[in-house]
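First up is the structure itself, then whatever we jot down about it.
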Amino acid sequence: MKSFLEKIKGKNELGTNFREQEQLRRQVSSLYNIMTDIYGSDKIVLRAGKLGVLQMMRSEYLPERVLALQKIVLEDPTLDTVPEPEHIRDILDELENEIADIIARRAVEDELEKKINERLQQRHEDYVREIRMQIVKENTGPENAQTLKKLAILEKLEQKNLVRSALDVLRPSSLDEIVGQERPVRALLSKLASPFPQHILLYGPPGVGKTTAARIALAAARDLKYSAFAAGAPFVEVNGTTLRWDPREVTNPLLGSVHDPIYQGARRDLADSGVPEPKPGLVTDAHGGVLFIDEIGELDLILQNKLLKVMEDKRVFFESSYYDPLDNNVPRYIKKLFEEGAPADFILIGATTREPEEINPAIRSRCTEIFFEPLTPADICQIVRQAARKLNAPMDNGVAEVIAEYTIEGRKAVNILADAYALACHKVVDGQEPVITLAEVYEVVQVSRLTPYITRRSSANHEVGRIFGLGVAGFVGSVLEIEAVVFQARRKDGGVIRFNETAGSMARDSVFNAASVLRKLTGRDLNEYDVHVNVVGGGRIDGPSAGAAISLAIYSALENRPIPQNIAVTGELSIQGRVKAVGGVPEKIYGARQCGIETVFVPRENEKDIPADTRGVKVVPVQTLEEIIASIYPTAKEMVN
């Protein structure tokens, strides 16, 4: 192998003597630096002092520096001849080889020393273990015939396993299997896959896939290029309804707690010496990953505030009046937990079925919010067919559609299918393959006392005095069937306006607003008529949002003009005839789609609230009641059916 000096020489054969001498100086300096790295500057100075070469090391005369280097490397005090300049190259080559041997020898010695220490440590642990076992045997130990019998029973139970439950088999295993939530899932994945992931709140009705989407999104984010999550990032799941704040702070599974020596649960060896032991909680288990809290709106308020502190500090700090930092009996890990806290750097994903206004504003301010969509009958049918493929069970035509009539929850739909499949398996004879038929589905429906979710459906007919309004319950929209009849007043002193008492006072006020607007539009005074307005089913109307629908129902009855039964209307009606903004427009459009409504009239002020994808529902923004009437009755030649 060519030495470093030979390489330099080969590259500089045409150089001057001065250049060659400068290269030799650099080589000597490099060798001094290597020796300093090996032994340390202090030891090199001590060795040079013992050999009497301190002055020679600092000499400007290169051969003297080479002689000093020889003595230090070879540790030979008998060398006293200053080398000739022409011999310096050969001497440096020898010194390089010697230094290489020293480095190799030290590497081998370090490796041997490491293995020796590991072997000694292992021998020590084995020896301590043997001593402990001996002491246990001498004291007869904790085991007896009863404990050994119970251990044998447990070990026998461990060997028995049932197959997975139907829900485990049918649960989505990839983002593509989550039906009807393309936009929310895409938004969720983008928030997690970023180099700077955000805390997230998921809103939506139950059974639409919030928990499953969060779990699968983290698994997908781990594999993406710009993700902040490592391959083994944990997903820790807990339900907010099961977590309660303990004012004594003895137990806290979410944040962690301290087991003081006097409390039950403290380790005996620590309790005997009076040492408290911190127990990290789920926030530490989720360090580097995701902490998923289902039903976060049900989480104890004090616990929510403490969780916010942990999210800010990214650590959990413990306190105990029993902790003494000067006590030598305190293990180092306990000192570290008390003095530095436990790490808790995680991404919070909270899921809730509550309205955003019901969630702690401090938590909302720290989280990005994603709304999951209610499932449509088409989504439910797709979920059912997907589950049937996983069960490898054929279905009769119409099974998916019937299940979709009784639920809007994906989880509930899968449960119905699994129950029907179980009935089909029970009825199988002569080795036939189970087939899910309508008979099994209806049997499950009857046993479970299920009722159709959709009780009102649109039609192509036209009816006088009947129209569909829209309401919201949670994150799900609903259709209200509103009807009105008008008669000549019985009494000469004026007619009577009747309305559902259960509909609420604000809805009743909408009727009086309608009377004023209709008098303005038609010139007729409703005081001359007996008017009866009914909300079919007696449902309570949330606020004045049905004002426009009530007015149209009365107008249709008053003018004897039929209304198409495939439209729905929402909006507050002012006494000037304007259709004012209302809340829950996306949910109301969803409710209309569920019932087969083709056209929905919404206030123009809510135009920005209209979803980009209305899935076949035509949404018409309007500003006045006259615009709706003009759209329903484009000419004055309608004939009553």
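Could you size up the charge dipole of the stretch 4-105 around its Cα centre, putting +1 on the beta carbon of Lys and Arg and -1 on that of Asp and Glu, and report it in debye to the nearest 20?
Once rounded to the nearest 20, the dipole reads 400 debye.
In vacuo Debye scattering of the chain, one point per C-alpha: log10 I(q)/I(0) at q = 0.05, 0.07, 0.10 Å⁻¹?
Relative scattering, expressed as log10 I(q)/I(0), comes to -0.50, -0.76, -1.08.
Please report the relative contact order for the stretch 462-632, taking Cα pairs under 8 Å with a sequence separation of at least 6, and give it as a percent rounded to a whole number. Before the final figure, lay out the partial values.
Numbers: 390 pairs, mean separation 46.0, N = 171.
Result for the stretch 462-632 is 27 percent.
Between Leu74 and Ser41, what is 0.36 nm times their sequence separation minus the Cα-Cα distance? Round to one decimal in nm.
Details: separation 33, 0.36 × 33 = 11.88 nm, distance 1.72 nm.
That works out to 10.2 nm of additional length.
Which order, highest average first, do 58-69, 224-235, 111-122, 370-381 follow once you tally other Cβ atoms within 10 Å for each residue and take the mean per peptide?
For the peptides 58-69, 224-235, 111-122, 370-381, the packing ranking is 370-381, 58-69, 224-235, 111-122.
By the scheme Lys and Arg +1, Asp and Glu -1, what is the net charge of all other residues having a beta-carbon under 11 Å from that of Ala489?
Details: positive: Arg490, Arg491, Lys492; negative: Asp493, Asp525, Glu528, Asp530.
Around Ala489, the surrounding residues sum to -1.
Tally the DSSP beta bridges in the chain and give the antiparallel ones as a percent, rounded to 5. Numbers along the way, then the final one.
Numbers: 27 of 60 bridges.
For the chain, the DSSP antiparallel bridge percentage is about 45.
May I ask you to list the lysines whose Cα is less than 16 Å away from that of Lys412, ignoring any residue fewer than eight positions away on the same chain?
Lys210
Please give the net charge around Gly207, taking every other residue with its beta carbon less than 10 angstrom from that of Gly207, where Lys and Arg add +1 and Asp and Glu add -1.
On the way: positive: Lys210, Arg411, Lys412; negative: Glu409.
After counting each charged neighbour, the total is +2.
Please name which of Gly49, Val66, Val82 has its Cα lying farthest along the dipole of the stretch 39-82 towards the positive end, using unit charges on Cβ (Lys, Arg +1; Asp, Glu -1) and the Cα centre as origin.
Of the options given, the answer is Gly49.
Magnitude of the Cβ-charge dipole of the stretch 510-641, K/R +1 and D/E -1, about the Cα centre, nearest 20 debye? Don't skip to the end; give the middle numbers.
Working: 14 positive and 15 negative charges, 23 e Å.
So the dipole magnitude of the stretch 510-641 works out to roughly 120 debye.
So if I place +1 on the C-beta of Lys and Arg and -1 on the C-beta of Asp and Glu, and nothing else carries charge, what would the dipole magnitude of the chain be about its Cα centre? I want it in debye, nearest 20.
Values: 80 positive and 92 negative charges, 339 e Å.
For the chain, the charge dipole is close to 1620 debye.
Quick note: the coordinates plus some simple rules give every number you see, no bench work behind them. What you are looking at is a predicted structure, and each value in this text was computed from that prediction instead of being measured. A quick note on method: Cβ atoms are made from the backbone with ideal geometry, for glycine too, and the neighbour counts reach across all protein chains shown.
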